[in-house]
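Enquirer: Quick one: the structure is below, questions incoming.
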């Protein structure tokens, strides 16, 4: 996730993507995402097992900012809010 200007990046893991994104967008989560106005889903991966998701989260967090940007742009070059597409599919 990122903010309106794509300047601050946030990586997290959840078992319920839609509800978690809603919480971030509506400032229901105290901490980093609220402080830096993180409200746009620009990249996500889905896993069957939470252990795999946690391992991937750690791998992404360990990478450089450049690597994170490359990862986002490989699937979402315009940095569109992917949560809007997910909402339309429901």
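For every residue, the table says whether it meets (1) touching a helix residue (DSSP H, G or I) at 6+ places or on another chain (Cβ under 9 Å); (2) touching a residue at least 24 places away in the same chain (Cβ under 8 Å); (3) surrounded by fewer than 13 Cβ atoms within 10 Å (Cβ to Cβ).
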position	(1), (2), (3)
30	no, no, yes
33	yes, yes, no
36	no, yes, no
44	yes, yes, no
70	no, no, yes
78	no, no, yes
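Enquirer: Across the stretch 13-28, what is the total count of residues that are in contact (Cβ under 8 Å) with a residue 12 or more places away in the chain and surrounded by 15 or more Cβ atoms within 10 Å (Cβ to Cβ)?
Expert: 5
Enquirer: Could we say that residue 61 is under 16 Å from residue 5 (Cβ atoms) and modelled with pLDDT of 95 or more here?
Expert: On the way: under 16 Å from residue 5 (Cβ atoms): no; modelled with pLDDT of 95 or more: yes.
Considered against the rule, which asks whether it is under 16 Å from residue 5 (Cβ atoms) and modelled with pLDDT of 95 or more, residue 61 comes out as no.
The values are calculated or read from the model by the stated rules, or taken from the named source; none is laboratory data. The structure displayed is predicted, hence computed values, not measured ones. Note that each Cβ is placed from the backbone with ideal geometry, even for glycine, and that neighbours are counted across all protein chains shown.
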